Structures are given as C-alpha cells and as structure tokens.
1. Going by average Cβ neighbours within 10 Å, how do the peptides 40-52, 9-21, 74-86 rank, with the highest at the top?
2. Given the options Leu59, Leu94, Leu72, state which has the largest fluctuation in a GNM of the chain using a 10 Å cut-off (strictly under) for Cα springs.
3. Once you charge only the Cβ atoms, +1 for Lys and Arg and -1 for Asp and Glu, what is the size of the charge dipole of the chain about its Cα centre, to the nearest 20 debye?
4. Just going by the charge dipole of the chain, with Lys and Arg at +1 and Asp and Glu at -1 on Cβ, which of Asn7, Asn70, Ala96 is farthest out on the positive end?
5. Limiting things to C-alpha atoms, what are the Rg and the maximum Cα-Cα separation (Dmax) for segment 58-129, in angstroms?
6. Below 8 Å between Cα atoms, with a sequence gap of 6+, how large is the relative contact order for the chain in percent?
7. Would you kindly state how much longer the chain becomes between Leu20 and Ala116 on full extension, computed as 0.36 nm times their sequence separation minus their alpha carbon distance, in nm to one decimal?
8. How long is the gain from Ser56 to Ile10 if the chain were fully straight, where each residue apart is worth 0.36 nm and the alpha carbon distance is subtracted?
Amino acid sequence: MYMSDDNKPIGWWLKEVDRLLEESFEQVLADDGLTRRQWQALNAAAGRETVAEALSPFLSGVEELVAVTNPLVERGWLTGETLTADGERALEALSAKVQAQRRRVAAGISDSEYLATVGVLRRMAANLA
C-alpha cells in the first residue's frame with residue numbers, strides 16, 4: 001500500500017482535513033453569528049432531506065439538533081423544518097460565502113481529481129460499513 005514520503009496514513013490526513021474544514025467554515029460563518037451546523041441546517045431546510053436527517057452524522061440526538069435549530073428559529077429564519085422568507089435571503093447570502101470558501105479549499109484540484117478522491121473515500125467507507 002502506498003504511503004507518502006512524510007509517512008502519514010490516510011486516516012491522519014482525513015482527521016487533519018476535517019479539523020481544518022471545520023475551523024475554516026466556522027471562521028467564515030462567525031461574522032454572521034452562525035456555526036457550521038447552523039449553516040448545514042439552513043441548507044438542509046432548502047433541500048429534500050429533513051434537517052435531522054442531514055445533520056444526523058454530526059449530532060448525537062434531539063437535544064443537539066434543537067440547540068442548532070433554536071437560534072435559527074429565534075432569528076426568524078426557520079419555522080420547524082421550513083425556511084422563512086428571511087431564512088431564504090440569509091441562505092442566499094451565506095451560500096455565496098460558503099461557495100467562495102469551497103473554491104478556496106479546492107484550489108489547484110481538478111474536477112477529475114476531486115471526483116476520484118470522493119469516489120475512493122466513498123468506497124473506503126463502504127468497505128468499513
């Protein structure tokens with residue numbers, strides 16, 4: 001099995017990238033008084049999955065979900081699982097920031113490299129499930 005010259009296995013890089021992604025997205029969203037999970041909740045409310053389904057890999061129960069969504073309800077951005085008009089506007093503005101950060105994260109990586117990496121990680125996850 002191939003290991004890079006710095007001798008760090010894929011698990012180390014996965015943890016490092018995860019840590020850096022969390023940190024960088026928290027910084028991007030902090031100016032708007034949001035956490036990454038709150039951003040994910042807003043984004044999920046605009047999609048097909050429920051907020052609970054979309055956040056299930058990151059939260060350990062209903063109490064954590066409520067802690068994420070209640071501030072969004074208090075801001076008038078969510079009603080239950082539904083985005084309000086203010087929530088839709090906020091999501092649109094935040095999406096621009098998130099997309100810019102995603103472009104920064106993927107700078108210098110071709111579409112084919114990105115897709116290959118995701119494909120490999122998907123297969124590794126399936127091997128472990």
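1. The packing order, highest mean first, is 40-52, 74-86, 9-21.
2. Sorting by GNM fluctuation, first place goes to Leu59.
3. So the magnitude is around 320 debye.
4. Asn7
5. My reading of the Cα-based Rg and Dmax gives 17.2, 42 Å.
6. 18 percent
7. 32.5 nm
8. Once the chain is fully extended between Ser56 and Ile10, it gains 14.2 nm.
The values are calculated or read from the model by the stated rules, or taken from the named source; none is laboratory data. Keep in mind it's a predicted model, so treat the numbers as computed, not measured. So basically every Cβ, Gly included, is an ideal-geometry build from the backbone, and we count neighbours across all protein chains shown. Remember, those area values only see protein heavy atoms, side chains included, never the ligands or the DNA or RNA. Shrake-Rupley method; radii C 1.70, N 1.55, O 1.52, S 1.80 Å.
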